[in-house]
Every structure is written in C-alpha cells, then in structure tokens.
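Report on the structure given below.
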Amino acid sequence: MPVLYITVPPSLKGTAAKDVLRRLGHLSSSNLRSLRDRGGLFLNGTEIPGYVRVSDGDVLSADLSDIPAEVPVLPGKPPEVLYADDWLAAVNKPAGIATHASTFHPGEETMHEKMAALWGADMVYHPVNRLDRYTSGVMCVARCGYMHERMKTLLHTDGFVRVYLAVCVGKLPESRGTVDLPIGREEGSVLKRTAGCGSPAVTDYRVLAEGGGRSLVVLRPRTGRTHQIRVHLSALGCPIAGDFLYGDETEAARTLLHSAALRLSHPVSGAAVTLRAELPGDMRDYMARFGLASDITEDLFDV
C-alpha cells in the first residue's frame with residue numbers, strides 16, 4: 001500500500017496538514033481532493049481532515065492508494081520482475097505485447113494483464129515509460145496516481161534516464177553523436193517524420209559494434225516524441241532492422257529495439273535505482289548472423 005510519511009519540521013509548525021503535504025510531499029490539488037473525499041490522512045495515527053494544524057515533530061501519513069479497476073488474469077508466463085516496492089514496479093517487457101489496449105486490437109492481452117499475473121487482478125497500472133508493441137525491455141509502472149504525477153516530472157531529466165539498444169541496417173555517420181531534428185506527423189498517416197515545423201526532438205547515440213553492414217547502437221532520447229528513436233535513425237539512413245514503418249520489415253521478425261537500462265531517482269525514498277534488461281534471444285540471434293557480439297559489458301549510460 002503506498003503510504004507517504006512526513007515528519008513536520010519546526011518551520012511548518014502551525015501549518016494546515018494539507019499544506020504540509022503540498023509543500024513537502026508534492027501532492028497536487030487532485031491528490032488532496034481524493035484524500036478529502038475518501039479519507040486516508042492521519043496525524044500521529046489518528047485520522048484527521050486536511051485543515052487541522054500541526055506541530056513540529058508530528059507525523060503525517062497519507063494513504064495514496066488508487067481505487068483499483070480489476071482486469072482479467074490470463075494464463076501464460078509472467079514477465080521478469082526487475083524492481084518492485086509500494087510505489088513503483090518494473091518488468092522486462094517481452095516484444096509483441098502492447099502497453100495499453102487499442103481500438104485496433106480489441107480484446108488483446110496487454111502489459112496490464114501480464115503484470116496483473118504478478119500482483120493480482122486489482123493491480124493499479126500507470127505506465128511511466130510507454131514502450132511500443134514490438135519494443136522489449138525495461139518498463140516502469142507507477143502503482144498509484146500520485147507516483148505517476150511525480151514520475152512525469154522526472155521524464156527527460158537526469159532523474160529518469162532511459163537508454164536503448166538498437167540493431168541498425170547500415171553505418172552511422174559518426175561513432176558518437178546527437179540527432180537534433182524536430183518530429184511531426186505525416187499528414188493523413190500514423191507515420192512520423194523529421195520536419196522543420198515539428199516538435200523538438202533530441203537523441204544521443206553511440207555505436208558499440210559494427211559488422212556485416214549492421215550496427216549495434218546505444219541511444220538516449222532526451223525528449224519523448226512518438227517513434228523518436230526509429231524516426232531519427234531512419235533520418236540518418238540507418239533504420240532499425242525489422243522496422244515495418246521506417247525501414248525494411250523483412251530484415252527481422254520485429255523492430256529490433258530494446259529498452260536496455262533505466263536509472264532513476266526515487267521520488268519518495270530518494271534512492272538511486274538502476275535497472276537493466278538483458279538482450280532477448282531474437283536480437284542475440286540476429287546479431288550473431290552478422291558477427292555482432294551480444295555480451296555487452298560497457299557502461300550503457302555513457303552515451
């Protein structure tokens with residue numbers, strides 16, 4: 001259960017409990033309304049309304065659980081758990097599973113059901129880094145709306161760093177570089193394209209290995225545009241192998257893009273959390289065909 005504990009400092013003596021939560025716990029107005037409507041705010045173990053004033057040394061506790069909506073728990077192998085506490089969960093997402101339900105694929109299993117197999121049908125599910133259907137690797141989920149809001153403020157900062165591995169067709173122009181090309185929607189299509197009138201998009205990259213006309217690249221997106229890595233690599237003339245939208249889908253059975261590692265500063269505990277998901281078998285097999293070693297020992301965050 002996600003419960004936030006705050007010890008009142010002397011500087012906030014006489015302050016309303018709700019204002020202490022806003023200032024020290026970073027609760028939004030919607031978080032506070034939820035606490036007001038359903039209860040869950042306690043002062044030294046006694047439930048109180050938010051307007052009660054506190055003294056220094058008092059301990060406030062706020063139950064920030066969401067009201068869960070049950071999903072079916074389907075049979076099948078659950079994903080590998082990389083991290084879990086009351087606030088966050090992270091798994092190694094398999095390729096081919098959507099992050100969210102889609103009107104184009106009604107009734108299909110999503111990562112919500114996959115993770116419910118681990119944490120129960122009433123698991124609260126707020127994806128933080130939303131991976132494309134065919135992208136594998138580290139996927140982080142907030143376990144309540146409050147944590148989701150906190151995590152969104154960290155996206156694309158040094159407090160939440162994501163790095164990806166991609167196998168590209170071709171050779172990149174430099175061994176290390178930055179792609180700074182705006183991305184916009186292609187009119188009348190789901191496709192994205194680099195466009196002067198698009199939204200700013202920046203991706204850092206470093207080539208780890210080359211062989212057989214293929215390149216293994218580690219990438220850090222500094223912005224979060226849809227299909228950003230795929231569009232930027234295609235713009236460099238090195239699309240990801242198997243990319244059915246921006247490259248040649250016959251190269252591989254799926255887009256060979258993998259969320260390899262994630263580093264975050266936990267918003268509640270302050271702990272530094274580093275997660276890594278090993279390359280899946282299909283990427284290893286493809287790389288072996290072109291002499292690209294899949295045992296990566298380098299620091300992936302050095303991009």
For this session: Being in a helix (DSSP H, G or I) and hydrophobic (A, V, I, L, M, F, W, C) is the filter here, so list the residues in region 217-235 that pass it.
Result: Ile229, Val231, Leu233, Ala235
For this session: Kindly list, by first and then second residue, each pair from a residue in region 274-293 that is farther than 14 Å from Cys168 by Cβ to a residue that is among the basic types (Lys, Arg) and surrounded by 14 or more Cβ atoms within 10 Å (Cβ to Cβ), limited to pairs with Cβ atoms under 6 Å and residues at least 6 apart or on different chains.
Result: Thr274/Arg263
For this session: Give the number of residues within region 130-175 that are surrounded by fewer than 23 Cβ atoms within 10 Å (Cβ to Cβ), aromatic (Phe, Trp, Tyr) and in a strand (DSSP E or B).
Result: 1
Exercise. Restricting attention to region 243-258, and to residues there that are free of Cβ contacts under 8 Å to residues at least 40 places away in the same chain and in a loop (DSSP other than H, G, I, E, B), which single residue is farthest from Gln228 (Cα to Cα)?
Worked result: Ala253
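Mind telling me which of the residues Asp63, Asp86, Asp58 ends up being free of Cβ contacts under 8 Å to residues at least 60 places away in the same chain and among the acidic types (Asp, Glu)? Reasoning before the result, please.
On the way: Asp63 fails: free of Cβ contacts under 8 Å to residues at least 60 places away in the same chain; Asp86 fails: free of Cβ contacts under 8 Å to residues at least 60 places away in the same chain.
None of the others qualify; the one that does is Asp58.
What's the total number of residues in region 294-303 that are in contact (Cβ under 8 Å) with a residue 24 or more places away in the chain and either farther than 20 Å from Arg263 by Cα or of a type in the set (Asp, Glu) (or both)? Please lay out each step first, then the result.
Filtering region 294-303 down to residues in contact (Cβ under 8 Å) with a residue 24 or more places away in the chain leaves 296, 298, 300-303.
Now narrow it down to the ones that are either farther than 20 Å from Arg263 by Cα or of a type in the set (Asp, Glu) (or both): 298, 302.
Number satisfying all stated conditions: 2.
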For this session: For Glu47, state whether it is more than 25 Å from His156 (Cβ to Cβ), surrounded by 19 or more Cβ atoms within 10 Å (Cβ to Cβ) and of a type in the set (Asp, Glu).
Result: no
For this session: Tell me which of these Thr255 doesn't satisfy, since it passes every other one: (1) at pLDDT below 95; (2) in the same structural domain as Val161 (by TED's automatic domain parsing).
Result: (1)
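Among the residues of region 58-67, are any farther than 23 Å from Met151 by Cβ, surrounded by 15 or more Cβ atoms within 10 Å (Cβ to Cβ) and out of contact with any Asp or Glu (no Cβ under 8 Å at 6 or more places or on another chain)? Let's see the steps before the verdict.
Applying the first criterion (farther than 23 Å from Met151 by Cβ) to region 58-67 yields 58-59.
Add one more test, that the residue is surrounded by 15 or more Cβ atoms within 10 Å (Cβ to Cβ), and what stays is 58.
Filter once more, so that each one left must be out of contact with any Asp or Glu (no Cβ under 8 Å at 6 or more places or on another chain): 58.
Checked region 58-67: at least one residue is farther than 23 Å from Met151 by Cβ, surrounded by 15 or more Cβ atoms within 10 Å (Cβ to Cβ) and out of contact with any Asp or Glu (no Cβ under 8 Å at 6 or more places or on another chain).
Of the residues Ser65, Ser55, Ser61, which is among the polar types (S, T, N, Q) and either within 19 Å of Ala142 (Cα to Cα) or touching a helix residue (DSSP H, G or I) at 6+ places or on another chain (Cβ under 8 Å) (or both)?
Numbers: Ser55 fails: either within 19 Å of Ala142 (Cα to Cα) or touching a helix residue (DSSP H, G or I) at 6+ places or on another chain (Cβ under 8 Å) (or both); Ser61 fails: either within 19 Å of Ala142 (Cα to Cα) or touching a helix residue (DSSP H, G or I) at 6+ places or on another chain (Cβ under 8 Å) (or both).
Matching residue, one of Ser65, Ser55, Ser61: Ser65.
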Exercise. When the residues of region 184-215 are filtered to those that are of a type in the set (S, T, N, Q) and within 16 Å of Ala235 (Cβ to Cβ), which remaining residue is nearest to the chain's Cα centre (by Cα)?
Worked result: Thr203
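The values are calculated or read from the model by the stated rules, or taken from the named source; none is laboratory data. As the structure is a computational prediction, the values presented were derived from the model and not from experiment. We place every Cβ from the backbone using ideal geometry, glycine too, and count neighbours over all the protein chains shown.
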